[in-house]
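The structure under discussion appears below in the form of structure tokens.
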Amino acid sequence: MITGAFVLAGVVVLGLALRGVVQQPESDTAWVALLLGACLITWGVRFVRLPPDDDEGRTPESVLHEGSAVAPKTARPLALLTVVLAASGSYVVVRWFGQSVPAAVTTSLAFVAWRIVNWTVDRAVRRRTDRDDGSAGAAPSEG
């Protein structure tokens with residue numbers, strides 16, 4: 001269901017973007033919409049390839065964020081594709097509302113920056129939690 005929705009949305013966006021590129025080749029929004037449509041289709045196809053939850057109830061995304069050195073081969077590209085999808089989508093929406101190119105670029109970059117800060121904070125919290133769990137487990141036993 002999710003895959004079908006993303007692929008269908010991607011086809012619609014690609015169709016509208018191609019029409020925009022043909023009618024106005026100088027339109028930056030139409031060119032970015034091409035990227036957005038391709039990302040929507042690719043995201044839908046990659047989503048289908050995610051493995052199901054494992055026995056411990058962990059999803060590939062949660063495994064990716066557990067700080068493991070080896071992340072699932074499908075989760076990391078999907079996370080990066082999500083960032084590109086959101087950045088291009090925000091650019092198209094901001095331009096659609098008639099804002100300037102610098103405003104649209106700033107909005108897209110702000111999203112990407114927010115995502116990087118979020119990943120950095122999550123990583124710091126995981127390291128601190130792992131360090132605290134490691135020091136609690138290494139305490140000498142009395143007896």
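The values are calculated or read from the model by the stated rules, or taken from the named source; none is laboratory data. Here the structure is a predicted model, which means the values were calculated and not measured. No Cβ is skipped: glycine too gets one built from the backbone with ideal geometry, and neighbour counts run over all protein chains shown. Just the protein is used for accessible areas: all its heavy atoms, side chains included, with ligands, DNA and RNA removed. Shrake-Rupley method; radii C 1.70, N 1.55, O 1.52, S 1.80 Å.
Points to keep in mind about this one:
- Considering V105, V94, V84, V112, the condition of being open to solvent by less than 90 Å² (accessible area, probe 1.4 Å) and either touching a Cys at 6+ places or on another chain (Cβ under 8 Å) or under 17 Å from T42 (Cβ atoms) (or both) is satisfied by V84 alone.
- Taken over the range 120-138, the residue count meeting the criterion of being open to solvent by 60 Å² or more (accessible area, probe 1.4 Å) and either without any contact (Cβ under 8 Å) to a residue 40 or more places away in the chain or aliphatic (A, V, I, L, M) (or both) is 12.
- Taken over the range 22-46, the criterion of being under 20 Å from F97 (Cα atoms) and open to solvent by 20 Å² or more (accessible area, probe 1.4 Å) is satisfied by Q23, Q24, P25, E26, S27, D28, T29, W31, V32, L34, L35, L36.
- Scan of the range 74-105 for residues that are charged (D, E, K, R) and modelled with pLDDT of 85 or more, ordered by number: R95
- Complete set of residues in the range 88-109 that are among the hydroxyl-bearing types (S, T, Y) and in a helix (DSSP H, G or I): S88, S90, Y91, T106, T107, S108
- Every residue from the range 2-49 that is in contact (Cβ under 8 Å) with a residue 40 or more places away in the chain and among the polar types (S, T, N, Q): T3, T29
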